[in-house]
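Below is one structure, written out as structure tokens; the observations come after it.
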Amino acid sequence: MAKLVVSKFGGTSMGDADCMLRSAEVSFRQGSGLVVVSATSGTTNDLIALGKTAESQAWSESEKILSKIQDKHNKIAQDLKLPADAKAKLETLFEEMSSLAKGMHLLKDCSVKAMDTLMSLGERMSSVLFTEAMSQVLKKHGSAKSAELLDVRTVLRTDDQFGKAKPLTNDVANLCQKNLSFLREGKKVMCTQGYIGMTEEGITTTLGRGGSDYSAAILAEGVSADVLEIWTDVAGIATTDPRLCPKAQPISEISFKEASELATFGAKVLHPATLLPAIRKNIPVFVGSSFDVEARGTWVRMDVEDHPLIRAMALRKKQVLVTLSTPEMLYAHGFLFQIFKIFNDHKVSIDAITTSEISVSVTLDDSTLLNKNLIKDLSQIADVQVEENLALISLIGNNINHTPGLGKRIFETIPDINVRMICLGASKHNFCFLVADEQGPEVIKRLHACFIEAGIEEMA
Ligand code: ADP
Ligand code: ASP
Ligand code: MG
């Protein structure tokens, strides 16, 4: 039976007609059966701006954004010489976008629920264009396969947590079985949207920013793919964000556990949840550049050959440290339970945590503070102190909690920098600590020089 490959292309890989054709060439070369695409770069941000503008400003301001989005997609349509039926699909989506924005303007309301439908248009528009690019590439190579547009909402069932909906994996598996079992026949290349899904009631949802990686992984799990490929604008996962540190090195192979820590702790190259479905089904994941297919890229797998002490490092900006203190915690039990229950009720996830006898400190994304009720509820049980403008630095590797002298080496590189909190012990793959937000990039540069660049020089 033919190998089933699910490939995902991010926003920059959808940037214009050339990018789309290049990405379609990659899909053809890789023999992809299901291609998942993001919105064209910048469009999701434009749609968010559209919703906010429609809600609060004169309609003429919204019209400017509508034209910007339409012009961008019309240009790609023109460059691809989009046939009439696909052009009509695009026009229908433009009309939907304009009507939704008008509704938000009249009601002076852009709720998260309504925003999800508006934001879904980015992926719905790009996928119409990409399907044409894929058709042209298949034709050019004389392939017998055909490219078809799939509305991912027919298979990607989610709950109704708008803005950050959770895929319902059993439902997705059943719907994939029902609607996509033909994929293995290898006759069609289905082109579909990342980032979006639908509730059982038929309402459109989104999986959270950067969620197309996660969509692709959920679909790969749903169709039991042999390989999941994430094509982006960098040649794989690097030892740190190449934008932060130009000396970042490509990683050829990394374990699921290390890559999951890296994604969770800030490496934007993968959405934090991407690897969960891949781990559940043991599907190897390849990360590569759609702009440079010859570059080696990164394989993420269950088992890898080498297990370096420090493989990579990540920076997560805009963190807050929330410290909860109460003398009642002395010799008492149940305090942590009460705290976690409140976080659970508000569906807020905690990344790093430390405790003392009478206090608990947790790190959160600063956007969490927008939820005023969370702080209010926490204040009912403890004194709450919030420190803002922090960055979480994570070192990712192996055997981190059983290596003497590691802490010394780390902190020797930053003797002049105040470390606000340290987390070590829970994972053998992660050592993380908090510093001031503006010092984050400098800390990463120094740690990279010490642990990655020095190691390479030693080997040379
Ligand atoms: P896409 O639109 O294709 O999903 P993203 O912008 O979401 O692309 O992710 C790719 C970006 O992730 C890269 O341009 C890079 O700046 C950033 N990045 C952060 N950490 C890493 C890392 N460790 N390795 C590679 N890229 C990283
Ligand atoms: N288009 C969405 C975003 O910009 C999802 C994605 O690109 O992964 O967040
Ligand atoms: Mg991304």
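The values are calculated or read from the model by the stated rules, or taken from the named source; none is laboratory data. Note that this is a predicted model, so its numbers are computed, not measured. Positions of Cβ are generated from backbone atoms using ideal geometry, with glycine treated the same way; all protein chains shown enter the neighbour counts.
The set of residues in segment 226-244 being within 8 Å of ligand 1 (Cβ to nearest atom), touching a residue at least 60 places away in the same chain (Cβ under 8 Å) and more than 15 Å from the chain's Cα centre (by Cα) consists of 238, 239, 240, 244. The sole residue among 218, 230 that is assigned to a helix (DSSP H, G or I), within 16 Å of ligand 2 (Cβ to nearest atom) and over 28 Å from residue 439 (Cβ atoms) is 218.
Taking residue 40, is it touching a residue at least 60 places away in the same chain (Cβ under 8 Å) and part of a loop (DSSP other than H, G, I, E, B)? Spelling it out, residue 40 is indeed touching a residue at least 60 places away in the same chain (Cβ under 8 Å) and part of a loop (DSSP other than H, G, I, E, B).
Does segment 91-103 include one or more residues that are among the small types (Gly, Ala, Ser), touching a Gly at 6+ places or on another chain (Cβ under 8 Å) and surrounded by fewer than 21 Cβ atoms within 10 Å (Cβ to Cβ)? Checking segment 91-103: not a single residue is among the small types (Gly, Ala, Ser), touching a Gly at 6+ places or on another chain (Cβ under 8 Å) and surrounded by fewer than 21 Cβ atoms within 10 Å (Cβ to Cβ). Just one of (1) assigned to a loop (DSSP other than H, G, I, E, B); (2) within 22 Å of residue 435 (Cα to Cα); (3) more than 15 Å from ligand 3 (Cβ to nearest atom); (4) at pLDDT 95 or above fails for residue 246. It is (4). Filtering segment 1-31 to residues that are within 21 Å of the chain's Cα centre (by Cα), outside any helix (DSSP H, G or I) and more than 9 Å from ligand 2 (Cβ to nearest atom) leaves 5, 6, 7, 9, 15. Given 354, 363, which one is closer than 25 Å to residue 419 by Cβ, more than 26 Å from the chain's Cα centre (by Cα) and of a type in the set (S, T, N, Q)? The unique qualifying residue is 354.
Taking into account only those residues within segment 22-55 that are under 17 Å from residue 193 (Cα atoms) and of a type in the set (A, V, I, L, M), which is surrounded by the fewest Cβ atoms within 10 Å (Cβ to Cβ)?
Step by step, filter segment 22-55, then rank; the result is 47.
Considered as a group, the residues in segment 246-293 that are of a type in the set (D, E, K, R) and more than 10 Å from ligand 1 (Cβ to nearest atom) include one that is nearest to the chain's Cα centre (by Cα), and that residue is 261. When 208, 202, 197 are checked against the criterion of being within 16 Å of ligand 1 (Cβ to nearest atom) and either touching a helix residue (DSSP H, G or I) at 6+ places or on another chain (Cβ under 9 Å) or in a helix (DSSP H, G or I) (or both), 208 stands alone in meeting it. Residue 58 satisfies every condition listed in (1) modelled with pLDDT of 95 or more; (2) more than 30 Å from residue 176 (Cα to Cα); (3) surrounded by fewer than 19 Cβ atoms within 10 Å (Cβ to Cβ) except (1). Residues that are within 29 Å of the chain's Cα centre (by Cα) and assigned to a loop (DSSP other than H, G, I, E, B) do occur in segment 99-109.
Quick one: would you say residue 145 is surrounded by fewer than 24 Cβ atoms within 10 Å (Cβ to Cβ) and over 23 Å from residue 80 (Cα atoms)? It is false that residue 145 is surrounded by fewer than 24 Cβ atoms within 10 Å (Cβ to Cβ) and over 23 Å from residue 80 (Cα atoms).
On the given criteria, is residue 179 within 28 Å of residue 139 (Cα to Cα) and more than 12 Å from ligand 2 (Cβ to nearest atom)? Criteria met by residue 179. Checking 65, 76 one by one, the residue that is β-branched (Val, Ile, Thr) and more than 24 Å from residue 29 (Cα to Cα) is 65 and no other.
If you filter segment 393-434 down to residues that are in contact with a helix residue (DSSP H, G or I) (Cβ under 6 Å, 6 or more places away or on another chain) and outside any loop (DSSP other than H, G, I, E, B), you find that the one that is farthest from residue 356 (Cα to Cα) is 396.
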